[in-house]
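Comments concern the structure below.
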Amino acid sequence: MSFPWAKEYTPKHPVMRFFDEKLPLPRFVYNAVGAGYPVPRNLSYFWNFGVLAGFFLMLQIVTGVVLAMHYAANTEVAFGTVEHIMRDVNWGWLMRYTHANGASFFFVVVYIHIFRGLFYASYKPPREMIWLLGVTIFLLMMATAFMGYVLPWGQMSFWGAQVITGLFEAIPVVGPPLKTWLLGGFAPDNAALNRFFSLHFLLPFVILGAVILHIWALHIPGSSNPTGVEVKSESDTLPFHPYYTAKDGFGLGVALLVFFTFVFFLPNALGHPDNYIEANPLSTPAHIVPEWYFYPFYAILRAFTFDFILPAKLWGVLAMFSAILVWFFLPWLDKSPVRSGHYRPLFRKFFWFGLIPVMAVLFYCGGAPAEEPYVMISQIATAYYFLHFLVILPIVSSIERPDPLPFSITEAVLGSDDEAAAGDAAPTAA
Amino acid sequence: MASTTANADATPVNTDGVEGEDGVRRRDFINIAAVSAAGVGGLVTLLPLVSQMAPSKDVLAESTTELDISSLEAGQSIKAVFRKQPVFVRHLTQAEIDAANAVDISSLRDPETLEERTKAGHHNLLLVMGVCTHLGCVPLGAAEGENKGEFGGYFCPCHGSHYDTAARIRKGPAPANLVVPDYEFTSDTTIVIG
C-alpha cells in the first residue's frame, strides 16, 4: 500500500526481531509514521493539522476521563461537582479548562484541516473515502461537543439541550415523540443528563475508531500535496521520520503555545458567562447562542423564517444538516481534473471571494441576536453557501481552464527533476 | 535516542550537517535538545494527572472529628466517624484495665502497654480506629451484645482476629494492634481526633 521505494523495517536487535515475528507492532509504526512511510516532500504547514487534530482528540480523551472521575451526572449535584472540580480537586481547574478550551481548539484545528481539504481539493479521487470518513468524524465531533456542553448543567447547557433536541421536533409525524424519547422526558432533566454523559463518554472512542479508518484510508494513496500532482518517483518523497515528525513536532509546539495561552490567561474567553448560572427550567437567558464553533450552522438554522410548502422550522433544520451533508457529495460535485486551488484560477476566485467571506458572514450572524439585519444577511449568505457547492462548483470545475501543472512535485520544488538527482542519490544509496 | 540514529541515517550530508571539530553535528545537538525539552515537558504533565486522584481539598477538610464523652459510663462504648471510618471509644472498667495490664508485653505480636495506647490522666479511656489491621473490616465488640472475642476486647468476624481489652492483637491473622489515631483532650470531656 505504500510506494515501492518505501524502506523496509529491518530490526537488528534480537528482541525486536522476536517482536516482529510474533506481533509486528514496531513494523506497523515504522510503516505508518516512521522512515518506512514516504510522504510528498512539498507539504506545507497546512498538512500539520491532521496530526494536531489527533493530538487534541487524545488530549480531550485524557482530560475527559479525569473529569469523569470527579463529575456526577445528576441534576441535583452536576453543577456543584463542576465547581468541586474547580475548587477542591487537585489540578481540577487545569483539567477542566484544558478540556473546555481543548474542545474549541479541536474545532479550530479541524476547521483548518477541512479548509485545507476544500482549497486543495483533497477529497478528489483516489481520496474520496478519506474525505467521507472525515465528514463523518466532524458530525460525530459536533454531537459529542454538544452533549459535553450540557454536562455542567448551567443555563446555556440546559437551554442548548432544549433547543438542539427541539430540532428533532421539526421532523413531520415522528418529531415530537422522537424528542420526548431522546430526552426521556418532556424537557431536559435527569434522564437526559445521564444519557448525555454516557454518550459523551462513548462517542470520543467512536471518533477514535473513525480516525483510525481515516488514517488507514489515507495511507493507501498517501497524502496529497500543495501542487495536487501525484507522487511519481522517489525524488518526490521524503521519509515521514525524521522529516515530518520534526515538522509536525514544531507545529505541535506552536499550537500548544497558543492553546495554553488560552488555558492559562483566557480560560473563559470562548465560553458564555451564563453557563456559570445553574440550570433554571423556568427562565431562558436573553441571548442564547451555541458555542462559537456552531455559529455558521446556527445562522443557517435561523435563516428560515417563512413557511414554503414545508414549515419554516423544518426548512431550517433540513438546511442546517444539509450544509454539512453537502460535503459528502463534494468529490462528485467538483468535476475538475486538477486538484490544487493554486492551478485553478476561476475556482480560486470563487473560493476566496465567495465561499470564505460567506462562511465568515454566517459565522458572525450565528453569534448575533436573531433580529434584522442579521436575519436577512444570514438568508443571503445561506443561499450563496448552497449555490457555491451545488451550482458554482460544478459549473466552474467544468468550464475553467486550469493553469499548467508542474510535471512532478520535484519540478515544482526545485525547478527541474535533474536538479533533484544529485541530492537524492545519497539517501537512496543509504 | 532512536530518533537521533535514524536522523543520522536518513540525512544526506549538507551544510546543516557540518561536523564540528569534535565530530558532533549541529543538527544532532538541536535534535537532542528539542526531544529532551519535549520529554521533560511530557513528564511534567504526569504530575497533575497523577495528583488529581489524591484526596481533594474537601476530603482533607473533613480530617478532624470532635467528640463529647461526658455521658460515657464505665463499661460503655461509643462509635464515631473519623475520615469516613469508624472510631471506637471505650470507657474501660477496672477489670478490663487489670486484664490488659496483666499481660506479659513480650508475648504480644505488637508489644504496647495500655498506658502507651491512652492519654495521661485518661488511661481508662481507649480510643482506637474501628478498622481491623488485617484487611480493613469493622471489628465487633463496641456495641452491647456483640462478640468481644476470646480476650474480651474486639473480634473481627471477617477473618477471625481477636483483640484484647487494650485493643491489641492477640490471635488471628491481623499483623498489628487496632490503630490509635492522633487525638487530644481539649477539655476533660471533649476529644478532637485528627
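Assorted remarks:
- Expressed as a whole percent, the accessible area of the protein assembly as shown that falls on carbon and sulfur atoms is 67 (1.4 Å probe).
- Note on the range B:59-193: Rg/Rh from Cα positions, Kirkwood definition for Rh, rounded to two decimals, is 0.94.
- Helix-only CD estimate at 222 nm, as mean residue ellipticity for chain A, using -39500 (n - 2.57) per DSSP H run (n ≥ 4): -19000 deg cm²/dmol
- Solvent-accessible surface ranking, highest first, for A:E169, B:E66 at 1.4 angstrom: B:E66, A:E169
- Span-like helix ranges in chain A, DSSP H, alpha carbon extent 20 angstrom or more, Kyte mean at least 1.0: A:49-68, A:128-150, A:190-218, A:245-265
- Shielded residues, the range A:241-283 - accessible-area loss of 40 Å² or more between chain alone and all protein chains, probe 1.4 Å: A:H241, A:P242, A:Y243
- Highest-fluctuation residue, A:F353, A:F262, A:F115 considered, GNM on chain A with Cα pairs under 10 Å: A:F353
- Accessible-area rank, largest first, for A:T261, B:T133: A:T261, B:T133, with all protein chains present and a 1.4 angstrom probe.
- Rounded accessible area per residue of chain B, 1.4 Å, Å²: 55 Å²
- Candidate lysines for bridging to A:K335, where Cα separation is under 27 Å - those fewer than 8 sequence places away on the same chain excluded: A:K124, A:K232, A:K349
- When A and B come together, around 1500 square angstrom of accessible surface is lost from both chains combined, probe 1.4 Å.
- For A:H84, solvent-accessible area (1.4 Å; no DNA, RNA or ligand), Å²: 40 Å²
- In the range B:20-55, the residues that give up 30 Å² or more of accessible area when the other protein chains are added, compared with the chain on its own (1.4 Å probe), are B:P48, B:L49, B:S51, B:Q52.
The values are calculated or read from the model by the stated rules, or taken from the named source; none is laboratory data. Since the structure is predicted, the reported quantities are computational estimates derived from the model, not experimental observations. What goes into the accessible areas is simple: the full protein's heavy atoms, side chains included, and nothing from ligands, DNA or RNA. Shrake-Rupley method; radii C 1.70, N 1.55, O 1.52, S 1.80 Å.
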